[in-house]
Amino acid sequence: MSLNTSHANGGVLIYNGEAILIYCDNAEMSLSNNEGHTPAFKGNKKGRVYLTTHRVIFNTKDSREVLQSFSMPFHCMKQVELEQPVFGANYIKGKVCPEAGGNWQGLATFKVWFNSGGAIEFGQAMLRAGQMASRNRPAQPPAYTAPPAGNYYQAAPPAYTPTAQYDFIPYTAFPSAPPVESVYTTDAPPPYPGIEGQARPSAPPMTTPNAGAGYYNPTNPHNVYATAPPNHMEQPPPYSELSKKRD
């Protein structure tokens, strides 16, 4: 698990070859370090949560927060449970350990609430994805390497467009894809296998008016030096359109 390594220019930063399976825009997260003090974990965070082919990513909406992003690879999570309290929203809870060089130390307990519903559906899909990824995990997981400081780009549609490839994804509960201008990718492939094994990175895009590029320093999460993305790009089709095509 890593702190402040998965955001860029107000959006989410993923690896080359990683794909977003679920996007939820109205989530809340709490973190508590069981073995030390981590100031960035203080207080509940409101933001967006993503289930990808390799991990779960939470991005904070408030740019003033010290914690801007939190990445939880499947192999770093344990004791994950789906909670359905009598009063209050359903939530997912579990424990997560840090990756070497992940900008924090200890063992954290996390809770994720879905204020618009979908906790159970997200949790079930997350557990299934984690099981699939575990089949491809080497006996000794590779050491974590943060995305290198350097170029990042607006991700191509396969990184966030819904696909019929995975029948366990609850498109009905999560019908929206993330906005085009909010998904960025680096040149680096994922340092660990996902649900399809080792990812196959695609070639970086040519520099065009639609490509965003910049410099990102995870030790200074509030500053990303980049060209602002254009606002005229077309939105990807909603997940509901995929369901119509499949019927």
Would you mind finding the one in R48, R55, R64 that is under 19 Å from Y192 (Cα atoms) and either more than 14 Å from the chain's Cα centre (by Cα) or among the charged types (D, E, K, R) (or both)? R55
Report yes if some residue within the stretch 83-102 is closer than 22 Å to N151 by Cα and touching a residue at least 12 places away in the same chain (Cβ under 8 Å); otherwise report no. yes
Extreme residue, farthest from the chain's Cα centre (by Cα), among residues of the stretch 150-176 that are among the hydrophobic types (A, V, I, L, M, F, W, C) and open to solvent by 20 Å² or more (accessible area, probe 1.4 Å): A164
For the stretch 65-98, name all the residues that are among the aromatic types (F, W, Y) and not in a strand (DSSP E or B). F74, F87
Applying the selection to the stretch 18-41, what residues are open to solvent by 40 Å² or more (accessible area, probe 1.4 Å) and either hydrophobic (A, V, I, L, M, F, W, C) or touching a strand residue (DSSP E or B) at 6+ places or on another chain (Cβ under 9 Å) (or both)? D25, N26, S32, N34, E35
Of residues in the stretch 133-143 being out of contact with any helix residue (DSSP H, G or I) (no Cβ under 9 Å at 6 or more places or on another chain) and of a type outside the set (D, E, K, R), the one modelled with the highest pLDDT: N136
For the stretch 64-91, give me the residue count where each residue is touching a Gly at 6+ places or on another chain (Cβ under 8 Å), open to solvent by 60 Å² or more (accessible area, probe 1.4 Å) and farther than 19 Å from R137 by Cα. 1
Matching residues in the stretch 3-39 - criterion: being polar (S, T, N, Q) and out of contact with any Lys or Arg (no Cβ under 7 Å at 6 or more places or on another chain): N4, T5, S6, N9, N16, N26, S32, N33, N34, T38
So for the stretch 9-18 (the condition being aromatic (F, W, Y), touching a residue at least 24 places away in the same chain (Cβ under 8 Å) and assigned to a strand (DSSP E or B)), does at least one residue qualify? no
Report the residue count in the stretch 99-115 for those that are assigned to a strand (DSSP E or B) and open to solvent by 20 Å² or more (accessible area, probe 1.4 Å). 3
Within the stretch 42-63, count every residue that is assigned to a loop (DSSP other than H, G, I, E, B) and either acidic (D, E) or surrounded by fewer than 18 Cβ atoms within 10 Å (Cβ to Cβ) (or both). 6
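The values are calculated or read from the model by the stated rules, or taken from the named source; none is laboratory data. If you're wondering where the values come from, they're calculated on a predicted model, not measured in any experiment. Cβ coordinates were reconstructed from backbone atoms using ideal geometry, including for glycine residues, and neighbour counts include every protein chain displayed. These area figures cover heavy atoms from the full protein model, side chains too; ligands, DNA and RNA do not enter into them. Shrake-Rupley method; radii C 1.70, N 1.55, O 1.52, S 1.80 Å.
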